[in-house]
Every structure is written in C-alpha cells, then in structure tokens.
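The values are calculated or read from the model by the stated rules, or taken from the named source; none is laboratory data. The structure displayed is predicted, hence computed values, not measured ones. With ideal geometry, Cβ positions are generated from the backbone for all residues, glycine too; neighbour counts draw on all protein chains shown.
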Amino acid sequence: MNPLVSRERPAEALLALEDGTVYRGRSAGAGGEAFGEIVFNTSMAGYQEIVSDPSYAGQIVTLTYPQVGNYGVSAAAMQSGGLALSGLVVRDMCREPSNWQIEGSLTDLLRKGGVVAIEGVDTRALTLRIRSAGAMRAAISTEDLDPRSLVARVCKAPGISSHNFVPDVSTAQEYVVPAAGERRFRVVAYDCGEKRGIADGLAAVGCETVVVPWDTPARRVLALGQDGAAPDGVFFSNGPGDPTQVEATAQAARELMGKVPVFGICLGNQLMALAAGATIEKLPFGHHGGNEPVMNLLTGRVEITAQNHNYGLVFESLGSIVPEESGGFAEHERDLRAWSERHVAPVVMNERFGRVRLTHVNLNDGTPEGVQFLDVPAFSVQYHPEACPGPHDSAYLFTSFARLMAGDLDCLDIDVREGRRF
C-alpha cells in the first residue's frame, strides 16, 4: 500500500442546497460542517490549483470531472499558502493516487486544511441543478445527517455578499517577488487573493513586484517605486466574493488610474470598473473552468480561457456609445456577441476616465471579458491569463502590461505569438 494514503472507512456525509435538494455521500476531507455558496468548475484537471485558489473563499466547489485526486498533490502546484474554499464536492475521490511527483493525496490535503468534502454525489445532476436554479447557499455536513434539519440551517445561513472575504485571504504585510531574469519594471500588486501563477506571469516579463495588502492606501503605493518614486505600474489581483464589499481597493484604483499604468484580472477588473462608476452584476451561476471561449475584438482571435468568477461588469453602465469610434453604431447591445459579429470594438465615454473600449467578449453568453481605458493607461480582463489550471492562450496579456508600462498604448492589438500588430 502507498504509505502516503489512508484506507480508513470514510464517514457518511450530506450535501444540502437551499432549494431543498439533498445528496448523500461519503466524507472525502475533514470532518465537520461547511456552509457557503455552491458553484461548479468544468476543468478536467488541475484540482489542486482549484482548491488552493483564494478566489474560492466562501464557496463550495463542485468538480464536474468524475474522478478527482488520481495524480495526488505536490507543493509545486499550490496557488497559495493554504486552502480558502469552504467545501468540495466530487463524484469519485481517488484515495490511492499515482504520480512520480506525488507528495500526498488530495484527501489528506483537504483534511490538513480543514476543508469538508463529500464524494459519491451525482455531480452531473448537481451541476444541472445549479445551472437551472443558479448559485445557491449550501452546506456539507458529516454531523447533521437529517435532510430537513440541514436544509433549514442552510436557508438561515448568510449569503456570500454579506461578508468581505478579501481580508481573509490577502497578505498581512508587504513582500517582494523578484523578476525572472533582468528587472525591467517595478510593479505594485494589490493582493486581494492573488494566485502564485499571476506572480509568476509578472516575473516572467521582467517585473519586480511589491505585493501589498488589499487596503493599502494609494499614497503608499505611489511611494513604492525605485528610490521612493512612483512604481512603473500597479496590478489589481483576483479574489473572492462580492466586489462591492471591497471598497478600500476600489477607492485605491480610483486614485491610481491615470497616475500610473494599471492592469487588473478578475476581481481586479471589477474593482477598476467600480472605480469608473460602473455597475457590477451577479451572474446566474458564474464562469468557473478552463474552456470559456473569449474573442479579442481587436485581433479577431478566439482565446480559450480559464475563468473563476460569479460577478461581472455591466458594460453599458460605463457610459454612452461613441458612434464615430464604434463602427457608426450608437446603441448598446445587451448581448455583446453582436460586437464580435460586427468585428467592432465599441467605445463609450466615461464621466471619470474618458473613453473606454470593450476589448474582449465571452462567446458563450455575451458578457464582457475585458476593457481598455483609452485616455488613461489601464486595461483589465475578467478571466485568468495565467491559467493554473487551464489553457495559456491569453498569456500575452502579461506582455501587454509590460508594453503598456513601456509606453505602448496599443498594447492589446499585438499577437505576441506571431510578433505582429493587427
């Protein structure tokens, strides 16, 4: 028997949703109870990167791929220093993984991290339920196995918007991540739950990154460049929960945009939108997985992307369409796939920051996936160019940020794989 895994008989567990649906299964992690918002992730691999992603704080994650844990876990795959998700739901947990890099099993990692998990659930049926009813409050328990009791307690539990999860996962103090090779830029990154893959992406394009807590004042950031000068750029990271709860970071974005080049990913995109006075909406069941098709409206290329969010920008709330810069069109489209069909990247006039261009659109549901501020050096995307896990079609965005800091305002219409401008 593999000495890194255990064959003890798992305890019974119960999963309950606020709509009254219940699933019985077996414990696949720590014992106890976990309450949170239930979502599903469609990735076929990368379970360790998923469970160690700080953006899942406050959520119970359902993995749609049937067998999970078969290649074990290793320290190199961790995306943070611990596990922030509330719970995990799988169909079949492999308790005897095999991999030459194995350092333990996923079950052991969940137990050490205090994460309650359940296996033996029909995750296909559960995913269809979430797609139909939307993301819901839920609970996993190895203690309360009475369906009526657990459902009643779920219905009394607070929703995800009632708490700011960012302070729970942000760094407590500043630290520096060196560039990989020659240092070209000094960047300050707001850690709202930043994945290690993002830090690696910044380092790969020559960024020495000073990582700061989520609520660091803008004036402090502007003094963190070389010899006390302003930094070459500022980055706003991914993170968990409702972006309207993260007002301190949104205020910092409001003060920094226009003073230094700015790049945002996922929650960072939402916070930059809030800084511009835009509206954020909650999506029915969010985007979680590694196979979301996104069109770059500036190049016409479709990127297969990794995503993890339940909230998104309402593009029309940024301002009115500027027809002369939007192919002559004057009206907003609720389904933004209309712009991809027209091969037009529309521009709006924002009261605070001037012109803003829609750069990326989700081809599954027509939601906005990226914007560029044309009158201040800033852009952001809703998805994860660093992947971890997922495809690397969008890794060029780190190079785009480097180009922006170097003064190239047309940084998004360059295909770095072919080295040419569209």
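For GLU292, state whether it is over 16 Å from the mean Cα position of the chain (by Cα), in a strand (DSSP E or B) and in the same structural domain as ASN238 (by TED's automatic domain parsing). So GLU292 does not fit the description; no. Of the residues making up the stretch 93-131, those that are in contact with a Ser or Thr (Cβ under 7 Å, 6 or more places away or on another chain) and either of a type in the set (Ser, Thr, Tyr) or on the phi > 0 side of the Ramachandran plot (or both) number 2. Evaluating ALA229 against the criteria (1) in contact with a Lys or Arg (Cβ under 8 Å, 6 or more places away or on another chain); (2) without any contact (Cβ under 8 Å) to a residue 40 or more places away in the chain; (3) aliphatic (A, V, I, L, M) leaves one unmet condition, (1). Which one of ALA250, ALA223, ALA199 is out of contact with any strand residue (DSSP E or B) (no Cβ under 8 Å at 6 or more places or on another chain) and surrounded by 18 or more Cβ atoms within 10 Å (Cβ to Cβ)? Among ALA250, ALA223, ALA199, only ALA250 is out of contact with any strand residue (DSSP E or B) (no Cβ under 8 Å at 6 or more places or on another chain) and surrounded by 18 or more Cβ atoms within 10 Å (Cβ to Cβ). Remark: pairs (first residue in the stretch 307-336, farther than 29 Å from ASP242 by Cα; second residue charged (D, E, K, R) and surrounded by 20 or more Cβ atoms within 10 Å (Cβ to Cβ); Cβ separation under 8 Å; 6+ apart in sequence or on different chains) = GLU325/ARG357. Restricting the first member to the stretch 156-177 and to residues that are closer than 18 Å to VAL234 by Cβ and modelled with pLDDT of 95 or more, and the second to residues that are crowded, with 16+ Cβ neighbours inside 10 Å and among the basic types (Lys, Arg), no beta-carbon pair is closer than 9 Å while six or more apart or on different chains.
Results for (1) at pLDDT below 95; (2) buried (at least 19 other Cβ atoms within 10 Å of the Cβ); (3) of a type in the set (Gly, Ala, Ser), shown as yes or no for each residue.
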position	(1), (2), (3)
ARG24	no, no, no
GLY36	no, yes, yes
THR42	no, no, no
ALA57	no, yes, yes
VAL68	no, yes, no
ASP92	no, no, no
LEU109	no, yes, no
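Kindly check whether there is at least one residue in the stretch 404-411 that is at pLDDT 95 or above, assigned by TED's automatic domain parsing to the domain that holds ALA199 and of a type in the set (Asp, Glu). The answer is no, given that none of the residues of the stretch 404-411 is at pLDDT 95 or above, assigned by TED's automatic domain parsing to the domain that holds ALA199 and of a type in the set (Asp, Glu). The set of residues in the stretch 54-99 that are aliphatic (A, V, I, L, M) and assigned to a loop (DSSP other than H, G, I, E, B) comprises MET78, LEU83, ALA84, VAL90. Being in a loop (DSSP other than H, G, I, E, B), at pLDDT 95 or above and touching a Pro at 6+ places or on another chain (Cβ under 7 Å) is a condition met by at least one residue of the stretch 330-348.
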